[in-house]
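I have placed the structure first, in the form of structure tokens, so that the comments after it can refer back to it.
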Amino acid sequence: MYLSESARTVFAVLAATCTATRPQLAAGAGLSKPTVSSAVAELEAAGLAACSGTASGATGRSAAVYALGPAAGAVLAVDLGPSRTRVRGCALDGTLLAEGAGSRPDAASVVSEALAGLPTGAPLRAVVVAVGDVTTRGREGGGERPATAKAGPVFDAMSVALPPGVPVHLENNVNCAALAELHEGAARGRDTFGYLRIGVGIGLGVVIGGQVLRGANHAAGEVARLPYPWDADREPRHEGLEAHLGAGSLLRRAAGAWQDADGPCPSTAERLFALADEGHPRACEVVGRHAADVGRLAAAATAVLDPGLIVLGGAVGSNPQLLPGVRAELARLSWPTEVVSSALGESGTVVGASRLAVARGIQTVTGGVRVED
């Protein structure tokens, strides 16, 4: 589809504002009113914009209000998590159209159900898939598709459910969650912070000046690769820090510390934190030690980035019981840094992936007109 430069610019502004009058589009696009009128007519003819009503101005005169048209299409965001898959389908103005969730092995059926919930005939403009490890980049299927060691067969099975020819983009799941916290969560109003995820694995999303830092190899924030342990008697192990801080190791330490008098040993992190919340002495002890370990990782991130704010997320990290211990250890080892829990919880990744998918979808229509993350 060929669009004039002015039509592409106006489309990007309309997608960002959801609805707008021609004077508002002219102001947002930095174009003259006659140029905007021509661009709107072009978009209407292509089905990319449509009049959605009228609005009265301060002078009492009414103006046509425009929204995206049916041909603008939709995008899909997929959080391919370690155990759960979450999917969102959105219009290019960010409106939620469909969503679903299921186990990771059922990713293909969850995606298919979400696609079935999109408006009939709406073209799918882009797909963003959030995965756990994105390191190198390549080109495949018409879009940027970084290679990943953790997508694997589940990703391949999920891809079969997608319409052919749709650009598919992989993004680090922690970066997606950080983006969501920036715009809709605990970091609103802060343009520099670190999002520290502690769950089955660990990761750090770095936001500087309102932009996610991805790094030369798309591997910025891969704190699992920090050398651990690091002392005179032991050699660092590959991803040893992730093995130490991950949920599995936390539960093993709990089992090692548990006594018969403590009652049944928790088999899940959720149960361990629930016991700590009830004041169970052994659970509080285990959680406190884990909080100190997380605080040391936060101190390492603070020493390098000086982010001013650390948002704790992930299935383990978002538990508020960790906050006192993390704050105390970080204060002991580094300079003052605010620490808060995620405001979005486990939905943060798919929310952030949705924002990226919308931006990618707009770029697909406009041929590369820049849209901020």
Scanning the stretch 207-238 for residues that are touching a Lys or Arg at 6+ places or on another chain (Cβ under 9 Å) and among the aliphatic types (A, V, I, L, M) gives Val207, Ala219, Ala220
Across the stretch 5-60, which residue is nearest to Thr366 (Cα to Cα) among those that are among the hydroxyl-bearing types (Ser, Thr, Tyr) and out of contact with any strand residue (DSSP E or B) (no Cβ under 6 Å at 6 or more places or on another chain)?
Thr9
So for the stretch 297-307 (the condition being surrounded by 17 or more Cβ atoms within 10 Å (Cβ to Cβ) and over 27 Å from Ser249 (Cβ atoms)), does at least one residue qualify?
no
Scan the stretch 332-341 and tell me whether some residue there is in contact with a helix residue (DSSP H, G or I) (Cβ under 9 Å, 6 or more places away or on another chain), surrounded by fewer than 17 Cβ atoms within 10 Å (Cβ to Cβ), among the aliphatic types (A, V, I, L, M) and free of Cβ contacts under 8 Å to residues at least 12 places away in the same chain.
no
Do we have Gly288 as surrounded by fewer than 19 Cβ atoms within 10 Å (Cβ to Cβ), under 24 Å from Val200 (Cβ atoms) and in the same structural domain as Val223 (by TED's automatic domain parsing) here?
yes
Considering Ala315, Ala291, which residue is touching a Gly at 6+ places or on another chain (Cβ under 8 Å), part of a helix (DSSP H, G or I) and modelled with pLDDT under 95?
Ala315
Report, ordered by the first and then the second residue, all pairs with beta carbons closer than 7 Å, sequence separation of six or more or different chains, a first member in the stretch 65-80 that is closer than 26 Å to Asp106 by Cβ, and a second member that is of a type in the set (S, T, N, Q) and assigned to a strand (DSSP E or B).
Val78/Thr85; Asp79/Thr85
From the option list Leu250, Leu275, single residue qualifying as of a type outside the set (Lys, Arg), closer than 15 Å to Gly199 by Cβ and in the same structural domain as Gly221 (by TED's automatic domain parsing) is Leu250
Among the helices (runs of 4 or more DSSP H) contained in the stretch 215-277, which hold 3 or more residues that are modelled with pLDDT of 95 or more and surrounded by fewer than 18 Cβ atoms within 10 Å (Cβ to Cβ)?
247-257, 269-277
Quick one: how many residues across the stretch 1-40 are in contact (Cβ under 8 Å) with a residue 40 or more places away in the chain and aromatic (Phe, Trp, Tyr)?
1
Matching option when the condition is closer than 29 Å to Leu179 by Cβ and in a helix (DSSP H, G or I), among Ala12, Ala77
Ala12
For Ala29, indicate whether it is in contact with a helix residue (DSSP H, G or I) (Cβ under 9 Å, 6 or more places away or on another chain) and among the small types (Gly, Ala, Ser).
yes
Tally up the residues in the stretch 263-315 that are without any contact (Cβ under 8 Å) to a residue 24 or more places away in the chain and at positive phi, please.
2
Among the residues of the stretch 7-17, write down those that are surrounded by fewer than 18 Cβ atoms within 10 Å (Cβ to Cβ) and either within 22 Å of Arg61 (Cβ to Cβ) or not assigned by TED's automatic domain parsing to the domain that holds Tyr66 (or both).
Thr17
Would the stretch 87-107 turn up any residue that is out of contact with any Gly (no Cβ under 7 Å at 6 or more places or on another chain), without any contact (Cβ under 8 Å) to a residue 40 or more places away in the chain, more than 16 Å from His169 (Cβ to Cβ) and not in a strand (DSSP E or B)?
yes
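The values are calculated or read from the model by the stated rules, or taken from the named source; none is laboratory data. Note that the structure is a prediction, hence the values are computed from the model and not measured. Quick reminder, even Gly has a Cβ in these numbers, built from the backbone with ideal geometry, and neighbours come from all protein chains shown.
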